[in-house]
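Shown next, in structure tokens, is the structure this report addresses.
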Amino acid sequence: QVQLVESGGGLVQAGESLRLSCAASGSIFSLNYMGWYRQAPGKPRELVARIHSRGSTFYADSVQGRFTISRENANAVVYLQLDSLKPEDTGVYYCYYHDNKGLFWGQGTQVTVSS
């Protein structure tokens, strides 16, 4: 089992920044993906960004150039820097951990961007 604890999030105005953090603990495998999904009201959950333990990254087109994902492998922590936020970035952001043994989710943290 893997447990994920998220922090960050909040209410900001358009154009401002936030930083989300997610710490994983438990049975961490050396090869894994960590990342973030988000879910806006009435919409399906969508992948925002992910990063492999070896460093490769992926970003959704909607956040490319504005969000930056990074991680500390030693502490199994993943960060998501959200810059130039837009109202359409509003939603619940869920951290996840994925290795060959399973997929695990954090509890979610709310990001609200006002116009």
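The values are calculated or read from the model by the stated rules, or taken from the named source; none is laboratory data. What you see is a predicted model, and the numbers here were worked out from it, not measured in a lab. Backbone-built Cβ (ideal geometry, glycine too); neighbour counts: all protein chains shown. Remember, those area values only see protein heavy atoms, side chains included, never the ligands or the DNA or RNA. Shrake-Rupley method; radii C 1.70, N 1.55, O 1.52, S 1.80 Å.
By accessible area, using a 1.4 Å probe on protein heavy atoms only, the chain has 49% of its surface on carbon and sulfur.
Neighbours of residue 38, meaning other residues whose beta-carbon lies under 11 angstrom from its beta-carbon, give a summed charge of -1 when Lys and Arg score +1 and Asp and Glu score -1.
The distance between label points at residue 54 and residue 66 comes to 3.2 nm (points 7 Å beyond Cα on the Cα→Cβ vector).
Scanning residues 5 or more positions from residue 86 or on other chains, those with amide H under 5 Å from its amide H are 15, with H placed 1.01 Å from N in the peptide plane.
Taking every alpha-carbon pair in the chain and binning the separations at 10 Å intervals from zero gives 15, 50, 28, 6, 0 percent.
With θ taken as phi - 60° and the Karplus curve 6.51 cos²θ - 1.76 cosθ + 1.60 applied, the whole-hertz 3J(HN,Hα) list for region 69-86 is 9, 8, 8, 10, 5, 4, 10, 6, 10, 10, 10, 10, 8, 10, 10, 6, 5, 10 Hz, x standing for glycine and proline. Rounded to the nearest 20 debye, the dipole magnitude of region 1-96 is 180 debye, with +1 charges on Lys and Arg beta carbons, -1 on Asp and Glu beta carbons, and the Cα centre as origin. With all protein chains kept in place, the per residue accessible area of region 33-115 amounts to 51 square angstrom at a probe of 1.4 angstrom. The 3J(HN,Hα) values that the Karplus relation (6.51, -1.76, 1.60; θ = phi - 60°) gives for region 42-56 are, in residue order, x, 10, x, 5, 10, 6, 9, 7, 8, 9, 7, 5, 8, x, 5 Hz. Gly and Pro appear as x.
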